[in-house]
Amino acid sequence: MSPVSTENTALLDRIRVPSDLRRLPESELQSVSDAVRAEMIDAVSVTGGHLGSGLGVVELTVALHHVFETPDDRIVWDVGHQAYPHKILTGRRDRIRTLRQGGGLSGFTKRSESEYDPFGAAHSSTSISAALGMAVGRDLDVAAAKAEGRDPGRRRNVIAVIGDGSMSAGMAYEAMNNAGAMHSRLIVVLNDNDMSIAPPVGAMSAYLARLASGGAYRSLRETAKQLGKLLPKAIYERAARAEEYARNLITGGGGTMFEELGFYYVGPVDGHNLDHLLPVLKNVRDNDQGPILLHVVTQKGKGYAPAEASADRYHGVVKFDVLSGVQTKAKANAPAYTRVFGESLIKAADADPKVVAITAAMPGGTGIDLFGKAHPDKTFDVGIAEQHAVTFAGGLATEGYKPFVAIYSTFLQRAYDQVVHDVALQNLPVRFCMDRAGLVGADGATHAGAFDLAYLCCLPNMTVMAAADEAELVHMVATLHAHDGGPTALRYPRGEGVGVELPERGVPLPIGKGRIVREAEAGSPQGAGKGTGNSTGNSTGRRVALLSLGTRLAEALKAAETLVEAGYAVTVADARFAKPLDEALILDLASRHEALLTLEEGSVGGFGAMVLHLLAAKGALDAGTVKVRTLTLPDTYQDHDTPERMYKDAKLDAQSIVDTVKDIVPSGPSKSGTVSPISAARPGRSRA
Ligand SMILES: Cc1ncc(C[n+]2csc(CCOP(=O)(O)OP(=O)(O)O)c2C)c(N)n1
């Protein structure tokens with residue numbers, strides 16, 4: 001694929017919105033597709049993002065916008081990660097090089113971004129439900145208009161486009177089951193590229209492969225026969241025999257599973273052949289029946305040789321060179337948390353045959369790919385099925401296994417009742433390992449791991465911890481392994497660690513014990529925190545405690561340096577546990593500082609709320625001697641940007657911490673009588 005040519009540019013210049021595309025003859029649509037593909041490759045080469053999925057649906061996108069009257073007709077893209085060609089054709093081409101950049105276009109569909117995005121997404125398998133809601137809304141409108149004697153107007157089409165990977169989630173079946181029963185007119189395009197992020201798993205994937213087998217897709221002639229059923233009765237009856245024959249060849253006789261669910265099944269059709277796609281889509285558009293499933297076979301990464309040749313088909317890429325396809329990966333200064341997690345879990349399983357690992361279609365993203373190489377028989381990729389993953393782990397736990405369920409914080413949201421009802425309520429020792437905790441940057445609000453502390457800390461039986469650095473992560477994996485008395489959860493962020501030395505083996509931490517990392521009195525660091533510097537502590541300055549949970553610890557230590565220079569006496573503690581809290585440590589901090597700030601990479605209602613509950617319950621706030629502030633993510637959905645920028649906006653960076661402290665406790669000598677003397681033997685101070 002060549003870089004964007006002037007010819008391509010000239011062609012795309014003629015298409016600002018889909019109505020411009022619809023004015024072009026069908027004969028030009030392959031050239032449009034080629035131009036969109038070149039534009040997309042060029043754009044993603046500078047922004048990074050999802051490449052392979054979009055490349056696979058270029059022709060499908062062009063065909064859909066040509067055949068359907070968007071935006072009045074609704075196209076609902078599942079996940080939305082494949083919607084870059086759609087963005088190029090729907091008035092956003094001029095901003096396509098701002099994809100995933102601060103202030104720029106989202107990497108997914110987003111209602112606030114365009115009227116051509118009727119439903120926002122980023123988590124998978126929602127499209128059929130949303131599209132069915134739209135279809136039923138339309139039907140209710142039409143019925144109301146008829147009842148009132150009004151002209152119901154044009155009956156809009158609703159189309160959900162869902163990948164074969166996303167078809168592995170329960171929600172897709174719940175929606176199809178409902179749609180089949182409602183008989184509402186809905187079009188589901190199954191975009192079958194035989195890939196999820198990783199190769200697809202499960203019986204459904206094998207089933208689709210069987211449907212698509214024998215030349216990969218149907219000829220137009222066969223499809224026309226198949227579509228015969230959608231035509232008026234007389235024509236249909238003539239076509240019926242041949243159609244039945246063709247169908248049996250493919251489905252083995254019994255009709256497809258989609259038909260059993262009440263859908264009319266059409267396909268498989270070659271999703272890169274516009275001569276096939278256009279007539280089939282028109283036919284599907286013009287039929288009057290209930291729900292239709294159009295099975296389209298595409299190739300992930302289509303039209304870009306480096307993507308086609310790579311194992312992951314360039315699902316997600318960083319910036320790359322268009323000609324060679326080589327991605328510009330910055331050299332890492334420290335191992336990624338994901339890798340440290342995967343390697344620590346391998347060690348646990350090396351020593352204990354009861355350790356098993358579960359991922360929901362994210363082996364690479366969670367480090368379970370590493371684990372899978374070392375312990376293939378103990379690794380379970382269940383597909384995009386977080387709910388099932390959790391309850392499946394619950395079942396394993398009942399049999400004495402030690403399941404580690406590695407699911408991003410944001411995707412575990414989907415399995416909340418399974419966490420509550422199937423695991424926590426029964427006190428089963430399932431280990432939840434939540435990668436991408438906190439802000440994630442370019443993927444934006446849909447992927448932020450913002451809520452797990454709030455939604456897990458409120459659950460009886462649950463133990464919740466957060467790693468402050470990669471060495472802590474090693475110890476915490478060991479802690480999860482050792483703790484068999486109930487469910488445990490561990491959160492850690494996206495990206496690289498801070499560069500501390502990694503222990504050879506993890507040592508289980510005492511449950512519910514935090515540690516003091518730097519002490520106000522000594523003014524010097526204690527423990528393993530990096531960047532604590534050689535401060536000249538001022539024990540007579542105003543006394544402030546920073547109580548951090550997770551990787552804000554590094555910012556807390558930076559803030560402490562600045563504050564000490566400004567004359568404050570600062571204690572920095574790492575809570576390690578959000579539940580159970582280290583009560584003795586927290587009450588002690590509250591008793592001997594004028595201000596206590598909690599820091600977390602999570603929403604309101606999480607760690608800070610837990611600390612406030614404790615302080616209130618123990619009467620530690622009654623005397624009014626300590627000012628408490630809970631520094632959390634804001635009560636808004638933060639748009640994508642760099643994580644650094646987003647944390648700054650959230651006022652969780654070192655400078656903001658300093659500003660908050662100065663705001664509530666102006667610098668000066670310590671106020672006598674407001675703090676009690678330091679107890680000689682404070683609990684929870686040392687590293688385990
Ligand atoms: C609930 C949920 N779990 C996991 C993911 C991560 N994820 C994003 S895309 C994807 C694969 C989707 O595969 P498919 O639908 O076949 O689309 P393709 O990328 O192959 O076009 C996964 C697992 C997600 N977005 N949502």
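The values are calculated or read from the model by the stated rules, or taken from the named source; none is laboratory data. Owing to the predicted nature of the structure, the values given are computational and were not obtained by experimental measurement. Note that we place each Cβ from the backbone using ideal geometry, even for glycine, and neighbour counts take in every protein chain shown.
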For region 42-53, state whether one or more residues are in a helix (DSSP H, G or I) and within 18 Å of Tyr116 (Cα to Cα). no
Lone qualifier among Ser112, Ser184, Ser166, Ser106 - being within 26 Å of the chain's Cα centre (by Cα), within 28 Å of Ala212 (Cα to Cα) and of a type in the set (S, T, N, Q): Ser166
When you go through (1) in contact (Cβ under 8 Å) with a residue 60 or more places away in the chain; (2) of a type in the set (Gly, Ala, Ser); (3) in a loop (DSSP other than H, G, I, E, B); (4) farther than 15 Å from Val661 by Cα one by one for Ala620, which number turns out not to apply? (1)
Matching residues, region 181-197, being near the ligand (Cβ under 8 Å from one of its atoms) and of a type in the set (Gly, Ala, Ser): Ser196
Examine region 344-353 for a residue that is touching a strand residue (DSSP E or B) at 6+ places or on another chain (Cβ under 8 Å), surrounded by fewer than 16 Cβ atoms within 10 Å (Cβ to Cβ) and in the same structural domain as Thr479 (by TED's automatic domain parsing), and state whether such a residue exists. yes
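Condition check ((1) in a loop (DSSP other than H, G, I, E, B); (2) more than 16 Å from the ligand (Cβ to nearest atom); (3) under 30 Å from Ala389 (Cβ atoms)) across all residues:
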| residue | (1), (2), (3) |
| --- | --- |
| Tyr314 | yes, no, yes |
| Val322 | yes, yes, no |
| Lys331 | yes, yes, no |
| Ala334 | yes, yes, yes |
| Val340 | no, yes, yes |
| Ile346 | no, yes, yes |
| Ala349 | no, yes, yes |
| Pro353 | yes, yes, yes |
| Val356 | no, yes, yes |
Scanning region 395-418 for residues that are touching a strand residue (DSSP E or B) at 6+ places or on another chain (Cβ under 8 Å) and of a type in the set (Ser, Thr, Tyr), which turns out farthest from the ligand (Cβ to nearest atom)? Tyr401
Which number in (1) of a type in the set (Ser, Thr, Tyr); (2) buried (at least 24 other Cβ atoms within 10 Å of the Cβ); (3) more than 20 Å from Arg185 (Cα to Cα) marks the one condition that Thr98 misses? (2)
Which helices (runs of 4 or more DSSP H) does region 153-229 wholly contain that include 1 or more residues that are at pLDDT below 90, closer than 24 Å to Leu277 by Cα and of a type in the set (Asp, Glu)? 220-227
For region 419-440, does any single residue satisfy the condition of being under 25 Å from Glu555 (Cα atoms) and of a type in the set (Val, Ile, Thr)? yes
Looking at Val628, is it under 32 Å from the mean Cα position of the chain (by Cα), assigned by TED's automatic domain parsing to the domain that holds Ala545 and surrounded by fewer than 24 Cβ atoms within 10 Å (Cβ to Cβ)? no
May I ask you to list the residues in region 476-499 that are within 25 Å of Val318 (Cβ to Cβ) and either in a loop (DSSP other than H, G, I, E, B) or in contact with a helix residue (DSSP H, G or I) (Cβ under 7 Å, 6 or more places away or on another chain) (or both)? Arg491, Tyr492, Pro493, Arg494, Gly495, Gly497, Val498, Gly499
Suppose the filter is in contact with a Leu (Cβ under 9 Å, 6 or more places away or on another chain), modelled with pLDDT of 95 or more and among the charged types (D, E, K, R); does Glu39 pass it? yes
For Leu589, indicate whether it is surrounded by 24 or more Cβ atoms within 10 Å (Cβ to Cβ), over 30 Å from the mean Cα position of the chain (by Cα) and not in a loop (DSSP other than H, G, I, E, B). yes
Counting only residues in region 42-60 that are more than 30 Å from Pro268 (Cα to Cα) and β-branched (Val, Ile, Thr), the one nearest to the ligand (Cβ to nearest atom) is identified as Thr47
Any hit, region 453-475, residues being at pLDDT 95 or above, within 15 Å of the ligand (Cβ to nearest atom) and either under 21 Å from Arg552 (Cα atoms) or in a helix (DSSP H, G or I) (or both): no
Residues satisfying the stated conditions in region 80-121, i.e. of a type in the set (A, V, I, L, M, F, W, C) and assigned to a helix (DSSP H, G or I): Ile88, Leu89, Ile96
Name the one entry in Arg97, Arg37, Arg93 that is within 23 Å of the chain's Cα centre (by Cα) and basic (Lys, Arg). Arg97
Only one of (1) closer than 23 Å to Ala609 by Cβ; (2) in contact (Cβ under 8 Å) with a residue 40 or more places away in the chain is not met by Asp469, so which one is it? (1)
